[in-house]
Amino acid sequence: MNPIAEILLEQVSYAQKLGQRILEVSGLDDDGVIYAFATPDTLVINCSDYQTTWRLEEEQLKLRLAIAKLKCSIQTIAIEQAGKTLYFW
């Protein structure tokens, strides 16, 4: 495989694992989350329904505490449904 493609795949895999780890640490990982990924400055969570979206919005502090606990540099959280951003803090 092309070395650049390998690096990109590793970065995508890391972003997905970090997003999932943040959800786990916050206690907000459940079936209502389709996917989560994290870049150095943004956490993106895609939800399957409005109930999950609203719950994540209400539990924003838990996400922020998990980010701090994991010593991440993330400053922005985006909550999406069907790929459309509903909340962006």
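The values are calculated or read from the model by the stated rules, or taken from the named source; none is laboratory data. Not measured: the values here are computed from a predicted model. Cβ coordinates were reconstructed from backbone atoms using ideal geometry, including for glycine residues, and neighbour counts include every protein chain displayed. Note: accessible area is taken over every heavy atom of the protein model, side chains too, but ligands, DNA and RNA are not part of it. Shrake-Rupley method; radii C 1.70, N 1.55, O 1.52, S 1.80 Å.
In straight-distance terms, cross-link reach from Lys62 covers every one of the lysines whose alpha-carbon lies under 22 Å from its own, apart from those fewer than eight places away in the same chain; here that gives Lys17, Lys71. Within the shell defined by Cβ-Cβ distances under 14 Å, the residues around Gln81 carry a net charge of -1, with Lys and Arg each +1 and Asp and Glu each -1.
Using the rule -39500 (n - 2.57) for each DSSP H run of four or more residues, divided by the residues of the chain, the 222 nm mean residue ellipticity is -15500 deg cm²/dmol. Counting only protein heavy atoms and a probe of 1.4 Å, the accessible surface of the chain is 56% carbon and sulfur. Structure remark: mean-square fluctuation, Gaussian network model of the chain, C-alpha springs under 10 Å; the largest value among Ile22, Ile77, Ile34 belongs to Ile34. When the P(r) is computed for the range 16-89, the part past 22 Å accounts for 8% of the Cα-Cα pairs. In the chain, a dipole from Cβ-located charges (positive for Lys and Arg, negative for Asp and Glu) runs towards its positive end, and of Ser13, Ala82, Ile67 it is Ile67 whose Cα lies farthest in that direction. Heavy-atom accessible surface of the chain, averaged per residue, reaches 64 Å², computed with a 1.4 Å probe.
Which GluC sites (Glu not before Pro) in the chain sit in a loop by DSSP (not H, G, I, E or B) and have at most 15 other Cβ atoms within 10 Å of their own Cβ? Those satisfying the criteria are Glu59.
Return the percentage of antiparallel bridges among DSSP beta bridges fully within the chain, rounded to the nearest 5 %. Just about 60 percent of them are antiparallel. Across Leu65, Leu56, Leu43, mean-square fluctuation computed from a Gaussian network of the chain (C-alpha pairs under 10 Å connected) peaks at Leu65.
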